[in-house]
Number of protein chains: 2
Amino acid sequence: MTTTGTPSGSSVTGRRPFGGVLVPALTPFKADGGVDQAAFLDFCRWLLDQGANGLAVFGTTSEANSLSLAERMALLELLIDNKIPARTLMPGTGACSVPEAVQLTKAAVSAGAGGVLVLPPFYYKNVPEDGVFAYYAELIERVGKGGLRLYLYHIPQMSGVAITPAVIARLLAAYGPVIAGLKDSSGNWENTERLLREFPDLAIFPGSESFLLASLRAGGAGCISATANFQVNRIRKLIDTPDGEARDRLNERVGRLRAAFEKVPLIPALKAAISNRFGRDSWRILRPPLRELSDGQRRELTDALAALDEAG
Amino acid sequence: MTTTGTPSGSSVTGRRPFGGVLVPALTPFKADGGVDQAAFLDFCRWLLDQGANGLAVFGTTSEANSLSLAERMALLELLIDNKIPARTLMPGTGACSVPEAVQLTKAAVSAGAGGVLVLPPFYYKNVPEDGVFAYYAELIERVGKGGLRLYLYHIPQMSGVAITPAVIARLLAAYGPVIAGLKDSSGNWENTERLLREFPDLAIFPGSESFLLASLRAGGAGCISATANFQVNRIRKLIDTPDGEARDRLNERVGRLRAAFEKVPLIPALKAAISNRFGRDSWRILRPPLRELSDGQRRELTDALAALDEAG
């Protein structure tokens, strides 16, 4: 698994720049609270070396909304300046305010990012579908369509704002291939299945490897999944292996690891495991409102990973 | 009603810099999408002239989270540079990221703002109480306690993150008078009543004038209410009038106006009414995900206001 950042062949067309496994890379912090840029860069390189097809930096798992806009701009620049291939990047650039979403999206497009993954504005709740459409439309108009490949980020249990099929259809009618895909983190397979059926031109990624195989079989593009921070090589292998016993065994293994992480709060658990893997304490640090695992939770995680023979 | 920006006498002590009616001032936009700074400044002056005890700028009604941090910093500077008394200001300075909350809060404290109204970080849901505490604690430690008077902003139906009595008690134990008060926009009177009982030293403001009288009678500090954008003089009068028939009539009138606005989406309705009042079309403009009233909604509002003999 030495291929670095090249999308898996099967799911790449002109309309589908991304396919395979993308990692919502965790963000390490220093003891003084700042972002540990050196550790972040090393980690992004390592993920690509491990077989990641892309890096969905600034995602939910990345604590992106706990970073300032200035910090996200600086990290994007860091990756580009240090030769992380821009085409492998799908940064999260959504924000509650259009001006900030525009600023970060413009920076990503200028840098040559393969795509951007865009949350709806997530402060107001029960907003009209027309308002969700207007946000994306204004963003696209102000960024410009040239070079923009926008992936919609549907995660209603966190954002409180759904990206409905009606909104997707309206955006596709208005902007065609600029609307490149969607990450469905709803955890609702019926929704993913419906989107795969109704929008065959979109690159659709479930937000968890639980639905990876079912999704691939129904025309999905891969997955963008939290545990890819820990097991990206295995998920990549699962995607690249043809249907059969070997694939089923891999799938079971991938699922068991996810279940182990989900016994405790997921993002702190992933940071604890990565901290152990690299022997770097700073990886454990989270920004409020997220908190480190308690001692008890850490033991629970360690035991669960040990039972699977994983160094966690 | 010519008093400008002085807190109503009854509810002011060393621990209670604010009392009376505070207005979460609407934010006007220009046709090009930018903030209409001149209209905003005029409006803030007008609100104080009408009897507002304070201006809770950058609130939910202000579409504050649809503004960039840079826009909020610029508006704060605008008000201060143009002699809006800093002691009358209680800007909303909360953010999903601690660094941005720190930056805006520091600016407010340096400007001499009477207080700041601080949302919890509102992206992640089901966060631990310890994480909510940690956010406020880190903000206070990094801003510094000198001159900081922090009002907690409890609006769980929008933020998705509650500020529970346990968190309030822990913050009071750690930071004493720095924790000056709380705005309870939950719309849940039982919660407001409990907070008034358990935290007598806090200046507690219901987020709606519906609970204003009950709250004042139970030791509340006043209210911070959306419709104060339209009827601040009447709410002020209601607060300043002693219990009796005249007060009851005022209360009924205030409530009927609120009910008229609530027939349609509240923030767009207030902007439409203010647009009519000042004959300035730009007041109608909202940022996504909020949308202007439809023609039908506008007619409904106009009729409802006309039935109350209000120029809307």
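Where a number appears in this text, it was derived from the coordinates with a stated rule and is not lab data. All values reported here derive from a predicted model rather than from experimental measurement. Don't worry about glycine lacking a Cβ; one is built from the backbone with ideal geometry, like all the others, and counts go over all protein chains shown.
Label-to-label distances for B:Thr241 across copies, nearest first, come out at 7.7 nm, using points 7 Å from Cα in the beta-carbon direction.
Each principal axis of the Cα cloud of chain B was taken in turn, and the coordinate range along them, longest first, works out to 51, 49, 39 Å.
Annotation: amide H of A:Gly94 within the under-5 Å range of A:Leu119, sequence separation 5 or more or interchain, hydrogens built in the peptide plane.
For a footprinting-style exposure proxy, rank B:Thr192, A:Thr227 by other Cβ within 10 Å, fewest first.
B:Thr192, A:Thr227
What separates the A:Ser110 label point from its copies, with the point 7 Å along Cα to Cβ, is 2.5 nm, written shortest first. Taking every residue in A:287-296 and counting other chain Cβ atoms within 10 Å of its Cβ, the average works out to 6.
Using only the alpha carbon atoms of the protein assembly as shown, find the Kirkwood hydrodynamic radius as the inverse mean reciprocal pair distance, in angstroms to one decimal. So the Kirkwood estimate lands at 25.6 Å. Histogrammed with a bin width of 5 Å, the alpha carbon distances of the stretch B:51-142 distribute as 3, 14, 26, 24, 18, 10, 5, 2, 0 percent, first bin at zero. Distances, shortest first, from the label point of B:Met73 to those at the same position in the other copies read 0.9 nm; the point lies 7 Å along Cα to C-beta. Where both residues lie in chain A, what percent of DSSP beta bridges are antiparallel, nearest 5? Here the share of antiparallel DSSP bridges comes out near 5 percent. Residues whose amide H lies under 5 Å from that of A:Val23, counting only those 5 or more places away or on a different chain, are A:Gly54, A:Leu55, A:Ala56; hydrogens are built 1.01 Å from N in the peptide plane. Would you mind checking B:Lys30/B:Lys237; A:Lys106/B:Lys83; A:Lys145/A:Lys237; A:Lys30/A:Lys83; A:Lys106/B:Lys30 for any pair whose Cα atoms are more than 25 angstrom apart? Pairs exceeding the cut-off: B:Lys30/B:Lys237; A:Lys106/B:Lys83; A:Lys145/A:Lys237.
Expressed as a fraction of 2.2 N^0.38 Å, the C-alpha radius of gyration for the stretch B:153-192 is 1.19. Remark on B:Ile285: its backbone amide H falls under 5 Å from those of B:Phe29, a criterion applied only to residues 5 or more positions apart or on other chains, H modelled at 1.01 Å from N. The string of couplings for the stretch A:288-303 from the Karplus curve (6.51, -1.76, 1.60, θ = phi - 60°) is x, x, 7, 10, 4, 4, 6, 4, x, 5, 5, 5, 4, 5, 4, 4 Hz, one whole number per residue in order, with x for Gly and Pro.
If you take the Cα centroid of the stretch B:239-276 and the Cα centroid of the stretch A:157-180, the two points sit 37 Å apart. Neighbour counts of C-beta atoms inside 10 Å place A:Ser97, A:Ser186, B:Ser225, B:Ser110 in the sequence B:Ser110, A:Ser186, A:Ser97, B:Ser225, starting with the fewest. Our coupling estimate for the stretch B:72-88, obtained by passing each phi through the Karplus curve with A = 6.51, B = -1.76, C = 1.60 and θ = phi - 60°, is 5, 4, 5, 5, 4, 4, 4, 5, 5, 4, 9, 6, 5, x, 4, 5, 8 Hz, Gly and Pro reported as x. Per residue of chain A, the DSSP helices (runs of n ≥ 4 H) give a summed -39500 (n - 2.57) that works out to -14000 deg cm²/dmol at 222 nm.
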